[in-house]
Amino acid sequence: MRKLLLLSIVLITGVVFAARLFYLQIYDTSYQKLSENNAVKVVYNYPQRGYIFDRKGNLLVSNQPSYDVMVIPKDVKPLDTLEFCKLLKIEKEDFKRILEKAWVYSPRIAQVFIPQLTKSEYAALSEKMYKYRGFYIQKRSLRNYHVRHSSNVLGYISEVNERIIKQNPYYQMGELIGMGGVEKQYEEVLRGTKGVKYIQKDRFNRDIGPYKEGIFDTLPTRGNDIMLTIDADLQQYGEELMINKRGGIVALEPKTGEILALVAAPNYDPALLVGRDRSKNFTKLYYDTIAKPLFDRVLQGEYPPGSPFKTLTALIGLQEGVIDLDERVYCHGGYRYGNRTLGCHHHSTPLSLIPGIANSCNAYFATVYRRTIDKYPTPQEGIDHWREHLVSFGLGNYLGYDLPAGNKGLIPDSDYYNRAYQYPKYKWYTPATISNSIGQGEVSLTPMQMVNFTAAIANRGYYYKPHIIKNIVGADSIPEKYTVKNYTTIDPEYFEPVIQGMFDVYNYGTASHLKIPGIEICGKTGTAENYIRVNGKRMQLTDHSVFVAFAPKDDPKIAIAVFVENGYWGSRWAGKIASLLIEKYLKGEITRKDLENFVLSGSLMDEYSKPYSGEPFKINQ
Amino acid sequence: MGDYKRNVQLDWLTIFSYLALVFIGWINIYSASLSESSQGFFDFNQIYFKQLVFIVTSLGLIIFILALDSKFYERFSSIIYLVSLASLLGLFIFGKNVNGATSWYSFGSIGLQPSEFAKAATALALGKYVSDIQTNMKELKHQLRTFLIIALPALFIIPQPDPGSALVYAAFVFPLYREGLNYIFVLIGFIAALLFVGTLLIGIQWMILIIFIVLTIILLKKKKRNRIKWSQYAIIAAACIGFTFSVSYVFNTVFEQRHRDRFNIVLGKEVDEKGIGYNTNQSEIAIGSGSWTGKGWLQGTQTKGNFVPEQHTDYIFSTIGEEWGFLGSITVVGLFVFLIIRLLILAERQKSTFGRVYGYGVASILFFHFFVNVGMVTGLFPTIGIPLPFISYGGSSLWGFTILLFIFVKLDASNYINR
């Protein structure tokens, strides 16, 4: 027995150690992570973000270096705070406060002390930096805007938030990501790929060389440049014309679907969201809940389209065979249904289709619409057929363009009315939806959708999905969905009379005073009634001024939709703006200086302040 | 002829185990000490090169030890022991203070640590005394003298201060037990250790409760067979409780904070990763990150980053764990277990009591070092700074263990010469 004591203790010890080692090395895998955190530092190398050009190759956005003063609180040694604060242009209290905050966050982790120094601040500071232990300067790359427009198109970049980090493991705290506009849409193209370096640390957190001789390291790849379909001159001109007005302008090239201009008003200078004042400016824009400069009216604004919608009513009527070109419809101050009237303005009567469009006769289109719906046994079936045609123009749903903002608009279907009228408990008939015929009532479109159907008309029956990307450097082509024709349900032959009607709008109709010598323009005015709620009270505001147009008539190079909130009748603001933009785009210069001055200096700010003034006000003055 | 062959037979299993451990030690010291500033391989300032020199000189020592007549060790054991004691005492006058401990003689660039050699000397002296025909381990007088032989060097080592090295002498309880020391000594030691850890872990009140419960169970079992000696059990209970209180007292008033910390960390009572528990924690991380096959030689991030202090000496096992993984570290554990068991088998086949006691001494010392060192590095025991035999860096340590082991190899080999 005495021989066995030590022997058994030795054996037991061996087994215990084996078990302990198994636990440490195999069973509990947390040690691997711990050793990695311990000994390997990951350093990212950020590539240059891609540049953004307009369709003519003008540089819109490039990069500029920016210098952040960083601090590792633990390493800070007593210093000449007075001099340091003077160089950074901060107060001594600020210095203490920021440093304390950094201490609380982490004494060991490098943090931004003062972000984004100007070049001159950097120059003054960098000479003396050696004196300030624990502080260093980190170079960052920021966006440099060469234009003061297009902020809604370009978007901006900002630091990733925690939600993004959770969703996308590519991003680390403090990194930048595109927010809004093409910066967001083409984030992966523009950002490139960051390089990564693994650095072996020792226990004092000092670098002692690349980890495993750098076999895991990767080089950054530069972000690719992109060329937008935007015409910077047109865009800028559009934004200038929209000063002191709210609404949107969108211009397309119908033959390609390329977006030439995308103006949302009010807008802001993209440079506001770069640099030291970024967050202050952003807060200001964000909390402007009345003008809503961050709300992209041209993509997100859902408006009653008004009279331009009549062109679609006409096309559907022709396709459904409920009207021919010769039939004339009487209008006695409006369209009567039951004991109600859908009012109309003064014009000669009776009118057939082409002059009906030119004069924008409500009675004519109400008649066509009613016949279209009533062609089918029930209004439900009628509405659904009607809707099918409209959907083929890209209405009632997202259009699929390459910008990260938008809305569906509304093209009601039978379910919509069944719900609204509690069918089958109550029945509903076509007259209940009659306002749809003239682009009022339930239908609503975004300005982008309006220009899309205009382009489809200009193309006589098809459209390309609107898109903003012209070319990605290093990529062969743009996505295929932007290069295929989307056909409407309307046969090509029915477009000519409608186009003729739109042409006559300029010849002798509602926009006859906006003709441009030498250019055959087709257009349609719109005056859209609208309501808002202020403090729970529904009130009618001055009509929206709407205009859609394309030109030239037989070889369309531009289709345009202009929407001016509360601008009253169509040709008062929207028509003028559209006319100027078409001239600018097709001729390169403006001959009608008076018209231009009128629009540039015109302001609707009084109109906009009316509902918030608390005083009774009159509309449509 | 057969006898002649066995005359020169060295135990090659032991020698191969020794060589394997020394080799494993060197390649890991190389990894743990390799630095960017190295100026080529033959740089005497590099730790791995020094260790190589120590290994080569150890081989010279081995030849010298094997060449001496085996009778020499038994005859001169007393003198060797006295010289060893003198060298320990001499430290108080001539010793060189390194890191707060006066454990070294300094000869130019080479330092000698007499406590590393004193183990072999004590083992020899113990063998000599116990094997003496006059000695009876059952007598108190002889027990006390034996105790003195073991305790003297330990007493000289404690004030250096090097309590870890002194603690090693507790290992000699195993050869004594083998030679007939009453099991009660081993049992008392075992119970004392249990009470000690238990008191620290769960506190006095709970320990007293447990003592009473355990004693009551024993009492009830014995009651069925024999008459109960109440007085005996009262004494045992009183002793246990007294010890429990004294542990609490010693721990809280006699121990210094750093001692308390070391125990508390292992008992999991305080986790302070950047403070006192740093070594153990980093060592666990190093070993734990090794997984099955390790990160590969020279690839250990913990090792390269010098996260584990003293990694080439007391914490060398963490390099093995990190770079060679579970397979590597289990191999080293296996080699130690194999070597120690082999030594026990050899000790049992010794013709002389002297050889057997010495053999047991060698096995016990190696086991104690292995047990405490690996236990410490893997976070099972408190931090007690003693080297891992044959593997840890250090000339005195390597030479000391080499002498310790090969005297026994020589004794074993000469069993057959002197028949």
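Read the figures in this text as sums done on the coordinates, not as results from a lab. Only a predicted model underlies this, so the values are computations on that prediction, with no experimental measurement involved. When we count neighbours, we look across all protein chains shown, and the Cβ atoms used for this are built from the backbone with ideal geometry, even at glycine.
Only four residue types carry charge here, +1 at the Cβ of Lys and Arg and -1 at the Cβ of Asp and Glu. Report the dipole size of the protein assembly as shown about the Cα centre in Debye, rounded to the nearest 20.
Approximately 4360 debye in magnitude.
Just subtract the alpha-carbon distance of A:Lys427 and A:Tyr376 from 0.36 nm times their residue separation and send over the number in nm, one decimal.
16.8 nm
Cα-Cα over 22 Å: which of A:Lys89/A:Lys139; A:Lys245/A:Lys584; A:Lys553/A:Lys593; A:Lys33/A:Lys197; B:Lys71/B:Lys141; A:Lys74/B:Lys304?
Over 22 Å Cα-Cα: A:Lys553/A:Lys593; B:Lys71/B:Lys141; A:Lys74/B:Lys304.
Using the Cα gyration tensor of chain B, with a ≥ b ≥ c the square roots of its eigenvalues, what is the shape: rounded (a/c below 1.5), prolate (a/b larger than b/c) or oblate (neither)?
Because a/c hits 1.5 or more and a/b fails to exceed b/c, chain B counts as oblate.
Roughly what would the spin-label model give for A:Lys587 and A:Leu11, points 7 Å off Cα along C-beta, in nm?
For the pair A:Lys587/A:Leu11, the computed spacing is 10.8 nm.
How much net charge surrounds A:Pro431 when only other residues with a Cβ under 11 Å from its Cβ are counted (Lys, Arg +1; Asp, Glu -1)?
Net charge around A:Pro431: +2.
From a point 7 Å beyond the Cα of A:Arg340 in the direction of its Cβ, which residues of segment A:423-440 have a backbone N at a distance under 16 Å?
Taking a point 7 Å out along Cα→Cβ of A:Arg340, the residues of segment A:423-440 whose backbone N falls under 16 Å are A:427-440.
Estimate the FRET efficiency between A:Leu219 and A:Lys119 by the formula 1/(1 + (r/R0)^6), using the beta-carbon distance for r and 22 Å for R0, to the nearest 0.05.
For R0 = 22 Å, the calculated efficiency reads 0.20.
Hey, fewest Cβ within 10 Å first, where do B:Glu323, A:Glu240, A:Glu100 land in order?
Ordered by Cβ neighbours within 10 Å, fewest first: A:Glu100, A:Glu240, B:Glu323.
Can you tell me what percent of all Cα-Cα pairs in chain A are more than 41 Å apart?
Counting pairs separated by more than 41 Å, the tail of P(r) holds 42 percent.
Counting other beta carbons within 10 Å of each Cβ, put A:Lys470, B:Lys304 in order, fewest first.
Fewest-to-most Cβ neighbours within 10 Å comes out as A:Lys470, B:Lys304.
For chain B, what is the calculated [θ] at 222 nm in deg cm²/dmol (nearest 500), taking -39500 (n - 2.57) for each run of four or more DSSP H residues and dividing by its residue count?
One gets -22500 deg cm²/dmol as the mean residue ellipticity at 222 nm.
Nearest 0.05, what FRET efficiency do A:Tyr105 and A:Leu600 give at R0 = 56 Å with Cβ-Cβ as r?
0.65
Can you give the FRET efficiency to the nearest 0.05 for B:Lys221 and A:Thr29, using r as the Cβ-Cβ distance and R₀ = 45 Å?
Calculated value: 0.45.
Which shape class applies to segment A:470-555: rounded if a/c is under 1.5, otherwise prolate when a/b exceeds b/c and oblate if not, where a ≥ b ≥ c are the square roots of the Cα gyration tensor eigenvalues?
oblate
Would you work out which of A:Leu262, A:Ile316, A:Thr289 lies farthest towards the positive end of the dipole of segment A:260-323, given +1 charges on the beta-carbon of Lys and Arg and -1 on that of Asp and Glu, about the Cα centre?
A:Thr289
Taking square-rooted eigenvalues a ≥ b ≥ c of the alpha carbon gyration tensor, is the protein assembly as shown rounded, prolate or oblate, where a/c under 1.5 means rounded and, failing that, a/b exceeding b/c means prolate?
Here the protein assembly as shown falls in the prolate category.
Just rank A:Ile354, A:Ile164, B:Ile285, fewest to most, by other beta-carbon atoms within 10 angstrom.
Ranking A:Ile354, A:Ile164, B:Ile285 by Cβ neighbours within 10 Å, fewest first, gives A:Ile164, A:Ile354, B:Ile285.
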